[in-house]
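Undergrad: Here it is, the structure in full.
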């Protein structure tokens, strides 16, 4: 009698768990899709080089998302990035030349840092061999 109860309980719990796991995987797929689309929108919304619509389209092509979902996410991210750039331009209207100079100085600092890093790596390789 106890053995048959265990078998029945095991069968019932197995059936419930399989139903629950099936629904849970559907729910997790929906959640991961929403997370992927949100991250894609945020990636495109950052107004920096290499984080725009082209890069977002490449990322969208690498995922298994539907075309219209990716298009909507990229369009929303692009609108956010355009709004950010518009606000920056409106706030610093008379200072555009200073922003250009600052950007060029920042670019030069990064290039100088990379050149120094390459030289240090070459010296380390030379000393190691």
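The numbers here are math on the coordinates, done by the rules we state, and not lab data. Since the model is a prediction, treat every value here as computed from it, not as a measurement. Don't worry about glycine lacking a Cβ; one is built from the backbone with ideal geometry, like all the others, and counts go over all protein chains shown.
Undergrad: May I ask you to derive the FRET efficiency for residue 48 and residue 129 from their Cβ-Cβ distance with R0 = 30 Å, giving the value to the nearest 0.05? Walk me through the numbers on the way to the answer.
TA: Values: r = 38 Å, r/R0 = 1.28.
My answer for the efficiency is 0.20.
Undergrad: For segment 32-73, state what percent of all Cα-Cα pairs lands in each successive 10 Å bin, counting from 0 Å until the bin that includes the largest distance.
TA: Computed distribution, short to long bins: 32, 60, 8.
Undergrad: Among rounded, prolate and oblate, which fits segment 51-129 when a ≥ b ≥ c are the square roots of the eigenvalues of its C-alpha gyration tensor, a/c under 1.5 means rounded, and a/b larger than b/c means prolate?
TA: Since a/c reaches 1.5 but b/c is at least a/b, the shape of segment 51-129 is classed as oblate.
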